[in-house]
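A.B. asks: After the structure tokens below, expect a handful of questions from me.
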Amino acid sequence: MAGGRSDAGPDPPAALALSLERAACIDDLRRLAKRRVPRFAFDLLDGGAEDETNLRRNEEAFAAIRLTPRYLIDTSAIVLQTELFGKRWAMPFGMAPIGLLNVVWPGADLILAHLAGRENLPIAASAAASTTLERIAEAAEGNAWFQLYASGDAAVTQDLLRRAEAAGYEVLIVTVDVPAPGKRDRDIRNGLQIPFRITPRILLDLATHPRWSLATLAGGRPTVANYATLMNAGASMAEVQKRLISASFDWHDLKALRDRWKGRLVVKGILHPGDAVRCIEMGCDGLVVSNHGGRQVAFGPASIEALPAIAAAVEGRVPVLLDSGIRRGADIIRAKALGADFVLLGRAFGFAVGAGAADGAKRALDLMTMELTRALGQLGRPEFSSLDPSILAPPPA
């Protein structure tokens, strides 16, 4: 499941471009990333919790949802633009927060932020990013949201909120589904630690991926940039994690955060309709239905499985977003038909930067846009906003 072919030396630029050009889907970009990126770094992105049951369930659940094509309808002009949080975006999708993405490829955070700025897509800057929230906000040209982990350390939280406000963030996404770090077996087997500890196994991994190693050497060792003060003061990554997430964060703490943050507040990690309703009653401005890409727990529903009940409970009072398992343009349509107003793509763009840095990220965007456009044409729905449950095929008899 992990690992893959090593790259014996740098690919000539023309050869790399040809590989990206021939990538026909996100899974092709995943395979390219697996070849270019050291095993421990690829597994950090690709892996899931424990036996990865939930990771697989996310994609399988999407594939099980069938759509009914309709024809003899003018679909010569496809409209993808979508309104969300007071802004009109070019696409009905954005970039999910990914911590430590620069481990996958040096400069990945800024590569995606620049793409978001140029293409008018939102990007959620992770509190655990390898790049400061200020630099991501600047690169995204006003298209960045800030994702905050539910920390029990009030001083850390207040400092991040202050910085986010000063950097111009208007949307705060608070992730509530990490009361404890997920147990990811691949990372344990790989001996992965942040900051990096060079073991003989990792040293061999680096030697067989010289392009990544040289680029990382030039770009600097990835760390958790927003917590650099803590780490520079001698705190270990384990100690930083204790401040980054908290098992004690509860509804009272969420209410205090809602009162403190003056912009839009979105809660990420919702899988139960009752929790969704309570978030709305507390004054939250949006929800992200998410099982964290299967990275936190190996049990429970796929995000898309939890979506319909949550959308029904929300009744359109706030926007409902969804992440986890989206690999095709048609998956975005499936999510919309089941009640999502918008989706966030995480691993899809992570694989893309691993496959080809900025060119790979643009390739992922082009592929998803092409697939989404063609699927809307096949369904006889030229406007994405018109999608509803009527496009769903009845279950087989």
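A.B. asks: Those residues that are in a loop (DSSP other than H, G, I, E, B), modelled with pLDDT of 95 or more, of a type outside the set (F, W, Y) and surrounded by 13 or more Cβ atoms within 10 Å (Cβ to Cβ), I need them from the range 250-266; list them, please.
C.D. replies: G263
A.B. asks: Assuming V174 fulfils every condition listed in (1) farther than 22 Å from D253 by Cα; (2) at pLDDT 85 or above apart from one, which condition is it?
C.D. replies: (1)
A.B. asks: Please determine whether any residue of the range 356-378 is free of Cβ contacts under 8 Å to residues at least 12 places away in the same chain and out of contact with any Lys or Arg (no Cβ under 8 Å at 6 or more places or on another chain).
C.D. replies: We begin by selecting, within the range 356-378, every residue free of Cβ contacts under 8 Å to residues at least 12 places away in the same chain; these are 366.
Keeping just the survivors that are out of contact with any Lys or Arg (no Cβ under 8 Å at 6 or more places or on another chain) gives 366.
For the range 356-378, residues free of Cβ contacts under 8 Å to residues at least 12 places away in the same chain and out of contact with any Lys or Arg (no Cβ under 8 Å at 6 or more places or on another chain): present.
A.B. asks: Right, next: Return the only residue of L121, L133, L112, L100 being under 28 Å from Q296 (Cα atoms), touching a Ser or Thr at 6+ places or on another chain (Cβ under 6 Å) and of a type outside the set (D, E).
C.D. replies: L100
A.B. asks: Here are the criteria: (1) surrounded by fewer than 22 Cβ atoms within 10 Å (Cβ to Cβ); (2) modelled with pLDDT of 95 or more; (3) not in a helix (DSSP H, G or I). Tell me which single one D51 does not satisfy.
C.D. replies: (2)
A.B. asks: Are there any pairs, at least 6 apart or on different chains, whose C-beta atoms fall under 6 Å, with the first in the range 139-159 and touching a residue at least 40 places away in the same chain (Cβ under 8 Å) and farther than 26 Å from G86 by Cα and the second in a helix (DSSP H, G or I) and of a type in the set (K, R), and if so, which?
C.D. replies: Sorted first by the residue in the range 139-159, then by its partner, the pairs are S151/R243; D153/R243; V156/R243.
A.B. asks: S130: modelled with pLDDT under 95 and surrounded by 24 or more Cβ atoms within 10 Å (Cβ to Cβ), yes or no?
C.D. replies: When the stated conditions are applied, S130 passes them.
A.B. asks: Follow-up question, since we're still on this one. Residue under question is G325, and the condition is that it be out of contact with any Ser or Thr (no Cβ under 7 Å at 6 or more places or on another chain), among the small types (G, A, S) and within 30 Å of A125 (Cβ to Cβ); does it hold?
C.D. replies: No, not satisfied.
A.B. asks: Kindly provide the set of residues from the range 117-147 that are in a loop (DSSP other than H, G, I, E, B) and closer than 16 Å to S290 by Cβ, ordered by number.
C.D. replies: Step one: filter the range 117-147 for residues in a loop (DSSP other than H, G, I, E, B), giving 120-122, 127-132, 140-143.
Hits for the range 117-147 are P122, A127, A128.
A.B. asks: With the checklist (1) buried (at least 19 other Cβ atoms within 10 Å of the Cβ); (2) in contact with a Gly (Cβ under 7 Å, 6 or more places away or on another chain) in hand, flag the one item W145 doesn't pass.
C.D. replies: (2)
A.B. asks: If you go through the range 249-264, how many residues are among the small types (G, A, S) and either in contact with a helix residue (DSSP H, G or I) (Cβ under 7 Å, 6 or more places away or on another chain) or in contact (Cβ under 8 Å) with a residue 24 or more places away in the chain (or both)?
C.D. replies: The qualifying residues number 1.
A.B. asks: Something else: Out of the range 274-309, which residues are surrounded by fewer than 21 Cβ atoms within 10 Å (Cβ to Cβ), of a type in the set (A, V, I, L, M) and modelled with pLDDT of 95 or more?
C.D. replies: Passing the criteria: V277, I280, M282, A309.
A.B. asks: Is at least one residue of the range 95-105 outside any helix (DSSP H, G or I), under 30 Å from E383 (Cα atoms) and either among the acidic types (D, E) or at pLDDT below 95 (or both)?
C.D. replies: Scanning the range 95-105, I find no residue that is outside any helix (DSSP H, G or I), under 30 Å from E383 (Cα atoms) and either among the acidic types (D, E) or at pLDDT below 95 (or both), so the answer is no.
A.B. asks: Then there's this: Looking at (1) at pLDDT 75 or above; (2) farther than 15 Å from V37 by Cα; (3) touching a Ser or Thr at 6+ places or on another chain (Cβ under 9 Å), can you tell me which one A247 breaks?
C.D. replies: All conditions pass for A247, except number (3).
A.B. asks: Give the number of residues within the range 314-351 that are basic (K, R) and closer than 16 Å to N58 by Cβ.
C.D. replies: Number satisfying all stated conditions: 4.
A.B. asks: A further question follows. What number of residues within the range 382-397 are over 14 Å from R334 (Cα atoms) and at pLDDT 95 or above?
C.D. replies: Looking only at that region, the number is 2.
The values are calculated or read from the model by the stated rules, or taken from the named source; none is laboratory data. What you are looking at is a predicted structure, and each value in this text was computed from that prediction instead of being measured. Note: ideal-geometry Cβ built from the backbone for every residue, glycine included; neighbour counts use all protein chains shown.
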